[in-house]
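The values are calculated or read from the model by the stated rules, or taken from the named source; none is laboratory data. Treat the numbers as computed from the prediction; the structure is a model and nothing was measured. Positions of Cβ are backbone-derived with ideal geometry, glycine not excepted, and every protein chain shown enters the neighbour counts. Only protein heavy atoms, including side chains, enter the accessible area calculation; ligands, DNA and RNA are left aside. Shrake-Rupley method; radii C 1.70, N 1.55, O 1.52, S 1.80 Å.
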Protein chains: 2
Amino acid sequence: MKPKIADVAKVAGVSPTTVSRVLNNRGYIGEETRVKVHNAMKELNYYPNEVARSLFIRKTFLIGLIFPTTSNPFYGQLIFHIENIAAALGYKVLLCNSQGRQDKEKEYLEMLQRNQVDGIIAGAHNKGIEEYEKPNLPVVGIDRYLSSAIPVISSDNYDGGKQATQLLIRKGCIKIIHINGPISLETPANLRRKAYEDVMIKHNLTPITYEMETYGTDNSEIIKRLFDENPEVEGVFASDDIIASQVIKEAKSRNYNIPSKLKIIGYDGTETKKLMMPELSTIEQPISRIAEKAVELLIKQIDSEWDGAPLETKLPVKLIDSDTTKK
Amino acid sequence: MKPKIADVAKVAGVSPTTVSRVLNNRGYIGEETRVKVHNAMKELNYYPNEVARSLFIRKTFLIGLIFPTTSNPFYGQLIFHIENIAAALGYKVLLCNSQGRQDKEKEYLEMLQRNQVDGIIAGAHNKGIEEYEKPNLPVVGIDRYLSSAIPVISSDNYDGGKQATQLLIRKGCIKIIHINGPISLETPANLRRKAYEDVMIKHNLTPITYEMETYGTDNSEIIKRLFDENPEVEGVFASDDIIASQVIKEAKSRNYNIPSKLKIIGYDGTETKKLMMPELSTIEQPISRIAEKAVELLIKQIDSEWDGAPLETKLPVKLIDSDTTKK
DNA sequence: AAATTTATGTCAACCGGTTGACATATGAAA
DNA sequence: TTTCATATGTCAACCGGTTGACATAAATTT
């Protein structure tokens, strides 16, 4: 059986209260008592039971994370940073991969509440989860509008979309196509598309957008259609690097020379992308800063120090003009 | 204040014990009472406090995960599967990114014990963490020997190394170099190198191995040295796909034509790799099966159903012969 | 009519640590 | 000598849910 405070007290020859005092640095404690207690803890291999402690102080220092999947390097990297920053501030993270499924997300939401997490950071959201509407606990969204009272952190999606489109135009592309995720999701990421359309129209070009199916589905059909219907395409702005990689693959199989015949730019710019496909131009998101802001805002809410603003935080992106957009 | 069982009981007009009976399906409960209680729970937005429950039943259904970083797609994907399988079995996961740092790993190990996790799955390990030696709780290692009593799950590293090396030889390479992670770590992954050396020697070829620095360090120097010292290299077997991608990058900058002049094969074969660099040949690890086995063995230990064997589980790999090893 | 099953209530102990109230005993400062 | 800061102990209530013991009463069986 695991040792408890009473066991430590017995070994150290002091009272349980004294042990608790040592653990929490409360009241007066003599130096030698402190040492005796610490020795006893070491001897017994004692670890304070945080579950009991959490119950009493009514706080767990747990943060729930709901994201589609850690398999995706963008979320993997984001979660890495969130966990890191949280750990530095004394918080632990409970991980949930919702896989873009509404039923899973609901289950996780309930599970997290049962487990008394102090707050939730969610980057997944399937419309129609009313649970987010009654915010019984602090929540921060990343790139997802969850409800009118929940703050959202994102990269400057409009600026990113603008820069990407402008780059392709600057490099001489006329027939430029955009391909993005399911627009039915209410996400700031839709601004990437909005910016693309605005820039195209401003340059008297016709915007053409292809839309992906739900997250995780096989998208190759849509990309094939893109090429079938627009064989003379000169530039593609994909709303993330994974989609961009699929476009590249299809283009190569159709013998489009990149970048001379077709230029491509993606979005995200993860570390993995930098290593695995350095040649791909992209809009790099400030992932670690997004993580910082999210944790910061969540903890402010937890500590009741949040005044309701800002509801939206946009962080600057960085254009990476690499080989796939060479002139 | 959050509602508790007593509040539900009051609203439903029954006793707290009856509510608990409904929640746990114990003893006799009438149908209409059950309905009344459920309505009260819904009305109050009641979620049972798992912290209190965990304290009493002395079990948290929490599993601690210690891995270097979710940023790396291999760990990201592995963790995705682990979390999924665990969730299906009623377990939740607490995520820790040790970043290959011994101090962090020790801290996390202590934190997890304080938080009463039921078990730990660790894929990170810096030698000399004696904490693993006194296994106060169930542990499973992935690709890492933690202590003599802790079971390890891994891909069949020897076979993978063998297949990779044989492929390069079959494709006509003579001067083949291997590059791997820090061998100081006691990991089954070292068998990739052993297999490489064995196969080379069997074919009367000279094995040459370059070793990476500690995890996460900048490795470009070592790869540059590899090419400087072996300009006539014909084949490279990298011990993971990320290293392979760095080799490709350096080779391209030196105008080596791949695969005509230089053939490359990596190791891991994550989904991300398949999307981002489908052209890279690799040894694909059965990531979801590794996750399954790990969770299965951990839960067996938790349920005291583990008899100590098998201590080592090796799962079959799959050769992916793609463009970078074309003849 | 008696025995049994079903349904619910009351009560108290327990999980392990926290905290406040209060008692007691030093050694040091006033 | 008196006061006070220091050091430790005892005790009990509490966090929220679980569980066993026991009581009671209605509905079913036998």
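Could you tell me how many degrees, from 0 to 90 and to the nearest 10, lie between the Cα long axis of helix A:31-44 and the main elongation axis, the longest principal axis, of the Cα atoms of chain A? Roughly 70 degrees between the two axes. Heavy-atom accessible area buried between chains A and B is around 4800 Å² (1.4 Å probe, both sides summed). Take the Kirkwood radius over Cα pairs of the range A:85-170, plug it into Stokes-Einstein at 25 °C and 0.890 mPa s, and you get 167 µm²/s for translational diffusion.
If R0 equals 30 Å, the separation of the Cβ atoms of residue B:88 and residue A:279 corresponds to a calculated FRET efficiency of about 0.15. For chain A, the longest principal axis of the Cα atoms and the long axis of helix A:102-114 meet at an angle of about 20 degrees. Placing a label point 7 Å from Cα along the Cα-to-Cβ axis, residue B:26 is separated from the same position in the other copies by 3.0 nm, shortest listed first.
Overall, the range B:5-48 carries a charge dipole of about 100 debye about its Cα centre when +1 sits on the Cβ of Lys and Arg and -1 on the Cβ of Asp and Glu, all other atoms neutral. Counting protein heavy atoms only, chain A has 50 percent of its accessible area on carbon and sulfur, 1.4 angstrom probe. Each copy carries residue A:310; placing its label point 7 Å along the C-beta direction from Cα gives inter-copy distances of 5.5 nm, listed from smallest up. Between the listed residues A:45, A:62, A:74, the Cα displaced farthest toward the positive end of the dipole of the range A:33-75, a dipole computed from Cβ unit charges relative to the Cα centre, is found at A:45. Using equal-weight Cα scatterers in the Debye expression, the normalised intensity of the range A:167-284 in log10 at q = 0.13, 0.20, 0.22 Å⁻¹ is -0.46, -1.18, -1.44.
Loop exposure criterion: GluC sites (Glu not before Pro), DSSP state outside H, G, I, E and B, at most 10 other Cβ atoms within 10 Å. Applied to chain A, the longest stretch between such sites is A:1-231. The Cα atoms of the range B:192-241 define a convex hull whose projected area, averaged across directions, is 4.0 nm². Contact with the other protein chains removes 40 Å² or more of accessible area, compared with the isolated chain and a 1.4 Å probe, from these residues of the range A:269-286: A:272, A:275, A:276. The residues of the protein assembly as shown expose on average 44 square angstrom of accessible surface per residue, using a 1.4 Å probe on protein heavy atoms. Relative to the longest principal Cα axis of chain B, at what angle does helix B:190-202 sit, 0 to 90 degrees, rounded to 10? On a 0 to 90 degree scale, this one is about 30. The C-alpha atoms of the protein assembly as shown occupy a region whose extents along the principal axes are 75, 65, 51 Å, arranged from largest to smallest. Ascending distances from the residue A:213 label point to its copies in the other chains, with the point 7 Å along the Cα-to-beta-carbon line: 4.6 nm. Write down the percent of antiparallel bridges among all DSSP beta bridges whose residues are both part of chain A, to the nearest 5. That works out to approximately 10 percent antiparallel. Positive-end ranking of A:309, A:147, A:220 along the dipole of chain A, with charges on Cβ about the Cα centre, is headed by A:309. What the Cβ-Cβ distance of residue B:106 and residue A:204 gives, at R0 = 51 Å and to the nearest 0.05, is a FRET efficiency of 0.25.
What's log10 of I(q)/I(0) for the range B:267-307 at q = 0.16 Å⁻¹, Debye sum over Cα points only, no solvent? Here the Debye-derived log intensity ratios amount to -0.53. Over the Cα atoms of the range B:5-48, the radius of gyration divided by the Kirkwood radius equals 0.90; this is the Rg/Rh ratio.
Panel note: contact residues of the range A:45-85 (accessible area lowered by at least 50 Å² against the chain on its own; 1.4 Å probe) correspond to A:45, A:47, A:50, A:51, A:55, A:70, A:71, A:80, A:83. Need one word for the range A:156-227: rounded, prolate or oblate. Basis is the Cα gyration tensor (sqrt eigenvalues a ≥ b ≥ c); a/c below 1.5 gives rounded, then a/b vs b/c decides. Verdict is oblate for the range A:156-227. Over chain A, all Cα pairs binned in 20 Å intervals from 0 give whole-percent P(r) values of 28, 44, 20, 8, 0, listed from short to long. A convex hull fitted to the Cα coordinates of the range A:24-121 yields 131 cubic angstrom per residue.
Toward the positive end of the charge dipole of chain B, with +1 on the Cβ of Lys and Arg and -1 on the Cβ of Asp and Glu, the farthest Cα among B:243, B:265, B:87 is that of B:87. So in the protein assembly as shown, what percent of DSSP beta bridges are antiparallel if you round to the nearest 5? Around 10 percent of the beta bridges assigned by DSSP in the protein assembly as shown are antiparallel ones.
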